[in-house]
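First comes the structure, then the notes that go with it.
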Amino acid sequence: MDVRVPQVLIAGNPNSGKSTLFNALSGGSARVGNYPGVTVDRTSAHLHLDSGPVELVDVPGTYSLTASSPEEQLAVNALLERNTRAVVCVVDATTLKRGLYLALQLIESGVPVIVAMNMMDAAERMGLHIDTEVLSSLLGAPVVPVVATKRRGLDALRRQVERTLRPDARSKPPDIGYPEALRADIARLLPAIEKWRPHATANEARAFALWCMLSLGDDDLVGVPEAVREIAADLRNQAASEGRNPHLEIIAARYDWVDDVVRRTCSERAPQMPFSEKVDRVLTHPVAGILIFALVMFGIFEALFAGAEPFMDAIESLTTSLQDLAVAALPAGVLRDLIVEGIIAGVGNVLVFAPQILLLFLFIGFLEDSGYLARVAFVIDRVMKGVGLHGKAFVPLLSGFACAVPAVMATRTIERRRDRLVTMLALPLMSCSARLPVYILIVGTVFAGMSVGWFSAGAVALFSMYVLSVLVTLGAAAVLRRTVLRGPTPTFLLEMPPYRWPSATILWLNAWRRLRIFLVDAGTIILAMTIVLWAVLSFPKSEEVTERYEAERARIQQMDLSAAAEEEALRSLESAEAGAQLEQSLGGRFGHAIEPALRPIGFDWQIGVGIIGAFAAREVFVSTLGVVFGIGEADEENKPLRQALRDARHADGTPVMTPLSGVSLMVFFLLACQCMSTIAVVRKESGSWKWPLFLFSYMTVLAYLASLLVYQGGRLLGLG
Amino acid sequence: MTPSLADLRPGQTGEIVSIDCDRPIARRLMEMGLLPGTEVRVIRLAPLGDPLELRVRGYALSVRRAEAARIAIRARGM
């Protein structure tokens with residue numbers, strides 16, 4: 001006995017207005033969860049009908065129930081759940097045939113189906129008349145005309161759902177003229193299907209047999225019994241030897257039926273898309289199209305870089321004032337440090353991503369819902385194909401210049417998991433904005449006043465980092481595609497939907513949902529890592545250092561200094577103490593321990609501690625070095641910090657920071673995955689710890705080897 | 001030699017004769033409505049020459065040249 005709330009699915013083609021209808025019906029009260037085992041959002045909402053509560057589930061957009069991966073299997077699984085009582089199939093009236101192809105598969109399964117005929121207004125403007133009554137009787141399922149964006153027809157749809165949920169409601173699947181040989185195949189599969197799903201009705205079993213014939217073979221579906229697979233493989237071989245193609249037989253019979261239904265219910269005039277056609281003539285034009293493309297991409301880039309900055313600064317200064325408040329209010333001690341440097345800093349580390357995530361998802365939502373994202377992929381696919389990426393990988397990669405965290409989240413627009421993973425694992429190599437302060441500190445330290453030809457050496461170094469980052473990212477994608485994620489270049493089979501003006505409410509709702517998921521899931525990991533990192537850089541505290549600095553402090557206070565001079569002396573003493581304590585901490589000792597490994601790439605233990613601290617976020621490298629060198633708070637323009645770096649010496653008296661070791665350090669920061677937030681978000685988006693650990697390992701190894709090459713190669717050439 | 005969809009220039013129409021792609025790709029193409037007997041028009045090429053935008057069964061679909069080259073057609077109005 002299933003006691004769960006009855007479930008009503010909303011299914012439909014991508015771009016059919018399915019999500020708009022879902023939001024209109026649920027009034028924006030949706031909850032987002034995850035389907036078990038896969039990283040696909042499960043968006044659902046509770047709906048109160050006169051007959052009682054039902055759960056409305058937004059099934060991911062699809063053109064067919066046929067599946068070859070667990071992600072594609074979701075739709076059919078949702079259909080098979082025992083508490084699924086009805087399916088609302090959203091059909092875009094302007095692409096009727098393709099929509100009915102999906103609706104037909106749902107109806108064939110025997111589940112009560114309600115066809116929501118969406119965008120009826122757009123269809124009528126095109127001169128397309130659909131006789132919904134005749135259509136309904138041919139389909140054997142009620143058809144309700146709606147305009148989801150204008151909330152038209154929603155009441156009728158809700159009433160129809162209520163009627164369908166009555167226990168006596170039955171759907172009567174139409175008879176598709178499948179060829180005789182195919183019917184024989186189905187008959188051979190049925191016994192195994194009935195053993196697999198003993199509760200299935202005759203219709204369900206038959207529909208499921210068809211599904212198996214389309215889906216099995218070259219698949220990685222889960223939960224299909226071996227017996228079913230064996231028979232299906234037999235049937236495939238047999239058909240091949242007879243020169244038959246069962247895929248073609250099934251799909252062609254369905255489309256023939258759909259064509260016939262459309263002929264009998266629609267006015268003759270073929271649908272045209274004059275508006276979209278005109279727009280596309282410009283937007284995909286060889287010159288104007290590329291120009292507009294570049295402008296739009298630049299707009300996104302600018303928004304992420306500059307537009308988000310004031311908000312990020314505000315969050316950072318709010319974090320700092322909260323920390324100051326806590327320092328003032330709480331007694332000094334470990335608890336205060338935990339709250340200030342662990343918890344408040346951690347929450348700040350999470351929240352600081354919010355502006356970029358919101359902005360990027362508002363942008364992507366706009367591009368996707370307006371139809372332009374498909375054109376972006378269309379225009380740039382030629383370039384992406386070369387490295388084994390999908391055209392849709394472009395926007396995430398570009399966003400990687402700003403920050404890998406929202407960029408990794410943006411890979412959701414890529415449908416296939418393998419393609420998503422390649423993009424997700426390559427894009428953290430794009431030179432994000434958090435690397436910039438590190439570059440600037442290094443450039444200001446080692447290249448001050450130097451020049452290369454007409455250019456300043458610093459500018460050349462900085463520019464080289466960005467070029468290198470693009471080359472390495474594309475190279476990594478190509479290598480990943482040929483090794484770890486081996487597979488063919490993804491096929492590019494993309495609908496170019498008609499241009500439509502997106503709804504602001506939906507854009508906002510979606511961006512907000514994305515952000516909430518990030519804050520809860522990735523945010524928890526980032527907060528935990530901040531606390532761990534704080535502990536590593538704070539403990540154990542050395543009694544000896546504390547006593548030594550207490551004594552020194554007492555000495556200063558006894559000296560006859562002016563108030564200002566005394567305060568100054570005490571402050572620099574405090575900074576020096578923090579540096580000394582850091583050296584005694586786990587992190588400091590670890591820095592010393594790995595120094596032998598850092599020497600060959602030109603670094604010493606102090607840089608090592610900076611690298612450990614930078615795991616919180618790359619720019620933290622700068623402030624960690626400030627503490628290491630006993631300078632206190634420092635930013636990348638800080639003169640004493642630059643001087644301290646220039647004065648730092650290895651044990652043999654040679655300077656640590658030379659132009660060569662500077663370049664080595666920049667290359668290291670460019671390539672190493674010094675960012676726990678990236679790790680956290682890849683964990684969330686890939687669904688397991690395996691991929692973030694792989695990402696961290698390969699980037700660290702790559703960074704080390706590249707720095708080694710730069711430093712040792714440079715020395716051989718006599719550069720350092 | 002039978003012409004393929006990749007041989008059509010923008011504005012030209014053809015009728016699909018057969019699809020000779022790998023099984024999963026052929027299946028996806030067919031499910032998107034490209035079947036033997038279906039009429040397809042090439043609307044335009046992407047600015048860099050690949051992929052192609054097609055009109056099929058009343059909607060627009062883009063496919064790469066590599067796939068289009070394996071879809072045999074009977075040309076119309078060439």
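Roughly how tilted is helix A:504-517, in degrees to the nearest 10 and between 0 and 90, from the longest Cα axis of chain A? The angle comes out near 60 degrees. Could you tell me which residue out of A:PRO355, A:ALA303, A:VAL262 lies farthest along the dipole of the stretch A:210-365 toward its positive end? Charges go on the beta carbon: Lys and Arg +1, Asp and Glu -1, centred on the Cα centre. Farthest towards the positive pole: A:VAL262. Per-residue extension of 0.36 nm, minus the Cα-Cα distance of A:ASP521 and A:ALA202, leaves a gain of 110.6 nm for this segment. Secondary-structure-derived ellipticity at 222 nm for chain A, considering helices only, amounts to -19000 deg cm²/dmol, per-run term -39500 (n - 2.57) for DSSP H runs with n ≥ 4. Among B:PRO51, A:GLN7, A:VAL682, which residue has its Cα furthest toward the positive end of the charge dipole of the protein assembly as shown, with +1 on Lys/Arg Cβ and -1 on Asp/Glu Cβ? Checked the options; the winner is B:PRO51.
Take the accessible area of A alone and of B alone, subtract that of the pair with a 1.4 Å probe, and the total buried over both chains is about 3600 Å². Extents of the stretch A:180-258, taken as max minus min of Cα coordinates on every principal axis and listed largest first, are 30, 26, 22 Å. Taking Cα centre as origin and charging only the Cβ of basic (Lys, Arg, +1) and acidic (Asp, Glu, -1) residues, the dipole magnitude of the protein assembly as shown rounds to 2460 debye.
Rounded to two decimals, the Cα radius of gyration of the stretch A:309-371 over 2.2 N^0.38 Å is 1.55. Structure remark: mean-square fluctuation, Gaussian network model of chain B, C-alpha springs under 10 Å; the largest value among B:ARG64, B:ARG41, B:ARG28 belongs to B:ARG28. Spacing of the modelled spin labels on B:THR13 and A:GLN558, each 7 Å from Cα toward Cβ, amounts to 10.3 nm. Between the listed residues A:VAL701, A:SER542, B:PRO10, the Cα displaced farthest toward the positive end of the dipole of the protein assembly as shown, a dipole computed from Cβ unit charges relative to the Cα centre, is found at B:PRO10.
P(r) tail for the stretch A:630-720, what percent of Cα pairs lie past 22 Å? Percentage above 22 Å: 47. Accessible-area rank, largest first, for A:ASP185, A:ASP121: A:ASP121, A:ASP185, with all protein chains present and a 1.4 angstrom probe.
All other residues with a Cβ under 9 Å from the Cβ of A:GLU71 taken together, and with Lys, Arg as +1 and Asp, Glu as -1, what is their net charge? Result for the local shell: 0.
From largest to smallest, the equivalent ellipsoid semi-axes obtained for the protein assembly as shown from the alpha-carbon gyration tensor read 58, 30, 24 Å. Take the stretch B:5-76 with all the other protein chains still there, run a 1.4 Å probe, and you get 34 Å² of accessible area per residue.
Under the convention that each Lys and Arg Cβ holds +1 and each Asp and Glu Cβ holds -1, the size of the dipole of the stretch A:461-606 around its Cα centre is about 1520 debye. Counting only DSSP beta bridges with both residues in chain A, the antiparallel share comes to about 45 percent. Using the 1.4 Å probe convention, the accessible area of the stretch A:514-585 works out to 56 Å² per residue with neighbouring protein chains retained.
By the compact-protein rule of thumb, 2.2 N^0.38 Å, the alpha-carbon radius of gyration of chain B corresponds to a ratio of 0.96.
The simple Förster model, with R0 at 51 Å and r as the Cβ-Cβ distance, assigns A:VAL5 and A:ILE531 a FRET efficiency of 0.85.
Principal-axis analysis of the Cα atoms of chain A puts helix A:676-686 at an angle of about 10° to the longest axis. Estimate the FRET efficiency between A:ILE176 and A:ASP220 by the formula 1/(1 + (r/R0)^6), using the beta-carbon distance for r and 30 Å for R0, to the nearest 0.05. Between A:ILE176 and A:ASP220 the formula returns 0.60. Working from label points 7 Å from Cα in the Cα-to-Cβ sense, the A:VAL467 to A:GLU550 distance is 5.8 nm.
Annotation: amide H of B:LEU54 within the under-5 Å range of B:ILE43, B:LEU61, B:SER62, B:VAL63, sequence separation 5 or more or interchain, hydrogens built in the peptide plane.
Legend: translational diffusion of the stretch A:7-165 by Stokes-Einstein, Rh = Kirkwood radius over C-alpha pairs, 10 °C, 1.306 mPa s; D = 102 µm²/s.
Accessible surface computed residue by residue for the stretch A:327-447, with neighbouring protein chains in place and a 1.4 Å probe, gives 28 Å² per residue. Would you mind checking which residues have amide H under 5 Å from A:LEU49's amide H? H placed 1.01 Å from N; only 5 or more apart, or other chain. Result for A:LEU49 returns A:VAL54.
First compute the accessible area of chain A with a 1.4 Å probe, then give the percent of it belonging to carbon and sulfur atoms. Percent of accessible area from carbon and sulfur atoms in chain A: 61. A:GLU574 contributes about 120 Å² of solvent-accessible surface, heavy atoms of the protein only, 1.4 Å probe. Charges were assigned to the Cβ only: +1 to each Lys and Arg, -1 to each Asp and Glu. The resulting dipole of the stretch A:313-454 about its Cα centre is roughly 740 debye. Across all directions, the average projected area of the convex hull around the alpha carbons of the stretch A:325-428 is 8.5 nm².
Note on A:ASP50 and A:SER697: their simple-model spin labels are 6.2 nm apart, each label 7 Å out from Cα toward Cβ.
The values are calculated or read from the model by the stated rules, or taken from the named source; none is laboratory data. Quantities reported herein were computed from a predicted structural model and do not represent experimental measurements. Reconstructed Cβ throughout: ideal geometry from the backbone, glycine too, with neighbour counts over all protein chains shown. To get the accessible areas, we keep the full protein, side chains included, count just its heavy atoms, and leave off ligands, DNA and RNA. Shrake-Rupley method; radii C 1.70, N 1.55, O 1.52, S 1.80 Å.
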